[in-house]
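Encoded as structure tokens, the structure appears first; notes follow it.
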Amino acid sequence: MNKTILSMLVFAFAWIFTGCATLPKGAAAVTPFQKEKYLGKWFEVARFDFSFEKNMNNTSAEYVALDNGKIGVTNRGYDTVKNRWKEANGTAKFRGSDTVAELKVSFFGPFYGAYNVIALDAEYKYALVAGSSTEYLWILSREKTIPDSIKTRYLDLAKSIGYDLSKLIWVKQDQ
């Protein structure tokens, strides 16, 4: 079997199985959650790097309500190696009730990954988002920066769950 095809199959199966998991052990999704307040543009403050965002700065995500009850997702960032903007469009849907911030998101047809908001301030300005394991983590903000008090609180929570904070990449956002 061709190495490329084999690699794609391994990736697809890994994506399916990690996408079926919900939360890392010790993490809990925000509840009650108000989808309407979460919609809009978020800037990525920090993340665990992975292939889809490698070498990217000025990254953001925008969430919009769709007529079918799902959420439209547009991720955007500047690839510093290829010197060009990249954009990916997908959809997200709740795993259960839309009052629990436990979603799954897809950019590749039937393959879904976990998207769990595990910390959120009362004004919906800052969010800590986890994947299905401690290999995926994002700190998001409505602004291009985050107050130190929120940053410290989110980092403490992530560490208590088992995240290796030395893996965090602090995203450069042009001001």
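The values are calculated or read from the model by the stated rules, or taken from the named source; none is laboratory data. None of these values were measured; they are calculated from a predicted model. Note that we place each Cβ from the backbone using ideal geometry, even for glycine, and neighbour counts take in every protein chain shown. The accessibility values were calculated without ligands, DNA or RNA, using every heavy atom of the protein model including side chains. Shrake-Rupley method; radii C 1.70, N 1.55, O 1.52, S 1.80 Å.
Key figures for this structure:
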quantity: Solvent-accessible area per residue, Å², over region 55-175 with all protein chains present [probe radius 1.4 Å]; calculated: 51
quantity: Accessible area, probe 1.4 Å, largest first, for residues Thr74, Thr31; calculated: Thr31, Thr74
quantity: Mean separation of Cα contacts under 8 Å (6+ apart) over length of the chain, as relative contact order %; calculated: 27
quantity: Glu87, Glu62, reordered so the largest accessible area comes first (probe 1.4 Å); calculated: Glu87, Glu62
quantity: Length-normalised contact order of region 73-130 in % [C-alpha pairs under 8 Å, at least 6 apart]; calculated: 20
quantity: 5 angstrom amide H check on Tyr136, placed H, neighbours 5+ away; calculated: Gly131
quantity: Sparse-neighbour loop sites [trypsin sites (Lys or Arg not before Pro); region 70-135; at most 11 other C-beta within 10 Å; DSSP]; calculated: Lys82
quantity: Computed Rg/Rh of region 28-175, alpha carbon atoms with Kirkwood Rh; calculated: 0.93
quantity: Computed magnitude of the charge dipole of the chain (debye, nearest 20; Cβ of K, R +1, Cβ of D, E -1); calculated: 280
quantity: Residue-averaged [θ]222 nm for the chain, counting only DSSP H segments that reach four residues, each worth -39500 (n - 2.57); calculated: -6500 deg cm²/dmol
quantity: Alpha carbon centroid spacing (whole Å) that separates region 161-175 from region 54-114; calculated: 19
